[in-house]
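Please read through the structure below; I'll follow up with questions.
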Amino acid sequence: MKVAIVGCGNMGMAFAKSFLQYNLVRKEDLLLIEKSAGRSETLKAEKAGVVVDTISPRVSEAELIILSVKPQDFASVQDALREVVQPKQVVLSIMAGIPIALIQERLDHKLVIRAMPNTPAMLGMGITGFTAAPEVDFNNLRKVENLINATGRSIFLEDEAMLDAVTALSGSGPAYFYYLVKAMVEAGKQMGFEDAVASLLVKQTMLGAFHLINTADQSLDELIKAVASKGGTTEAALKTFEEGMLADTLIAGIKAAQVRATELSKG
């Protein structure tokens, strides 16, 4: 399969490297379009694919075009891309906030899939929500899904509007965990641990808790109850969280992210 990636930042290259790792695309069939001279030189040195700095008719040879430029940079590439995109090519956009209809209009092209990955895709552990224009047939949808799954896992959404919720929940989600981990490390430091020790305690606790969530038969409430014995230390912490409405604040924050995602998608 031949793939062209327009914009080779972290997320674009997360896809590229996953395709190569699982032998889904050969290096000679992977066209990397990167306008930054410095970034282009780095990609050439890494031999990650065929690296070019402009959108040219060569893009027309790809079966799939991945749009991974920043949303604000889409206007700078749309005209050149519209000139070379072919009717049977599929365009996969991983640009946040730009709806399928707008991409179709700007490129004068119907076969558009829109996806929202998250940064763990760089480790092959991402989760990507995606949806497609009605014109994309099942065969093309499955091909793209297989490629997306090389970066982790994926979920197909019938309603494009739900991508705003995906953006808020899993797209932005890693930052919420980092925020909590940062707070826990700070608590450890305030209790007397050195930064490295506090970080180790918190990160290993997070890793172990994640595996328990994934493998245990208990619900989240049951897992919490198993740690929080009555009158104990965990119960004291949870009571303080509840008094500070930590859960309500987190939920409100995630919903605020959804609102902002919707605002961005409407321009």
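The values are calculated or read from the model by the stated rules, or taken from the named source; none is laboratory data. Fair warning: this is a prediction, and the values are worked out from it, not measured in the lab. Glycine gets a Cβ as well: all are built from the backbone with ideal geometry, and neighbour counts include every protein chain shown.
Here is a yes/no grid of residues against (1) of a type in the set (Gly, Ala, Ser); (2) touching a helix residue (DSSP H, G or I) at 6+ places or on another chain (Cβ under 9 Å); (3) within 30 Å of residue 100 (Cβ to Cβ):
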position: 168; (1), (2), (3): yes, yes, yes
position: 176; (1), (2), (3): no, yes, yes
position: 186; (1), (2), (3): no, yes, no
position: 198; (1), (2), (3): yes, yes, no
position: 217; (1), (2), (3): no, no, no
position: 227; (1), (2), (3): no, yes, no
position: 238; (1), (2), (3): no, yes, no
position: 244; (1), (2), (3): yes, no, no
position: 259; (1), (2), (3): no, yes, yes
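Could you give me the residue pairs with C-beta distances under 8 Å whose first residue belongs to the stretch 225-238 and is free of Cβ contacts under 8 Å to residues at least 12 places away in the same chain and under 20 Å from residue 213 (Cβ atoms), whose second residue is polar (S, T, N, Q) and in a helix (DSSP H, G or I) wherever it lies, and which are 6+ apart or on separate chains?
Pairs that qualify, where the first residue is free of Cβ contacts under 8 Å to residues at least 12 places away in the same chain and under 20 Å from residue 213 (Cβ atoms) and the partner is polar (S, T, N, Q) and in a helix (DSSP H, G or I), are 227/234; 228/234.
Let me ask something else about it. The conditions are (1) under 22 Å from residue 102 (Cβ atoms); (2) in the same structural domain as residue 246 (by TED's automatic domain parsing), and residue 164 fails exactly one of them. Which is it?
(2)
Let me ask something else. Would you mind finding the one in 14, 45 that is aliphatic (A, V, I, L, M) and farther than 25 Å from residue 132 by Cα? Don't jump to the end; show me each part of the working.
Numbers: 14 fails: farther than 25 Å from residue 132 by Cα.
Only one candidate passes the filter, namely 45.
Then there is this: Only one of these is part of a helix (DSSP H, G or I) and touching a helix residue (DSSP H, G or I) at 6+ places or on another chain (Cβ under 8 Å): 20, 31. Name it.
On the way: 31 fails: part of a helix (DSSP H, G or I).
Going through 20, 31 in turn, just one is part of a helix (DSSP H, G or I) and touching a helix residue (DSSP H, G or I) at 6+ places or on another chain (Cβ under 8 Å): 20.
Let me ask another. Since residue 104 meets every condition but one in (1) of a type outside the set (Gly, Ala, Ser); (2) buried (at least 19 other Cβ atoms within 10 Å of the Cβ); (3) in the same structural domain as residue 10 (by TED's automatic domain parsing), which condition does it not meet?
(2)
Condition check ((1) in contact with a strand residue (DSSP E or B) (Cβ under 7 Å, 6 or more places away or on another chain); (2) among the small types (Gly, Ala, Ser)) across all residues:
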{"residue": "116", "(1), (2)": "yes, no"}
{"residue": "121", "(1), (2)": "yes, yes"}
{"residue": "134", "(1), (2)": "no, no"}
{"residue": "141", "(1), (2)": "yes, no"}
{"residue": "146", "(1), (2)": "no, no"}
{"residue": "149", "(1), (2)": "no, no"}
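Next up: Check 156, 130 and return the single one that is crowded, with 21+ Cβ neighbours inside 10 Å, aromatic (Phe, Trp, Tyr) and touching a Phe, Trp or Tyr at 6+ places or on another chain (Cβ under 7 Å).
Numbers: 156 fails: crowded, with 21+ Cβ neighbours inside 10 Å.
Step by step, each of 156, 130 is checked, and only 130 is crowded, with 21+ Cβ neighbours inside 10 Å, aromatic (Phe, Trp, Tyr) and touching a Phe, Trp or Tyr at 6+ places or on another chain (Cβ under 7 Å).
Among 39, 114, which is the only one that is modelled with pLDDT of 95 or more, basic (Lys, Arg) and within 23 Å of the chain's Cα centre (by Cα)?
On inspection, the qualifying residue turns out to be 114.
Here's a follow-up. If residue 79 satisfies every condition in (1) at pLDDT 95 or above; (2) surrounded by 14 or more Cβ atoms within 10 Å (Cβ to Cβ); (3) among the charged types (D, E, K, R) but one, which is the exception?
Answer for residue 79: the failing condition is (2).
Quick check, is residue 233 surrounded by fewer than 11 Cβ atoms within 10 Å (Cβ to Cβ) and either at pLDDT 95 or above or among the hydroxyl-bearing types (Ser, Thr, Tyr) (or both)? Break it down stepwise before answering.
Details: surrounded by fewer than 11 Cβ atoms within 10 Å (Cβ to Cβ): yes; either at pLDDT 95 or above or among the hydroxyl-bearing types (Ser, Thr, Tyr) (or both): yes.
Criteria met by residue 233.
Among the numbered criteria (1) assigned to a helix (DSSP H, G or I); (2) within 26 Å of residue 1 (Cα to Cα); (3) free of Cβ contacts under 8 Å to residues at least 60 places away in the same chain, which single criterion is violated by residue 128?
(1)
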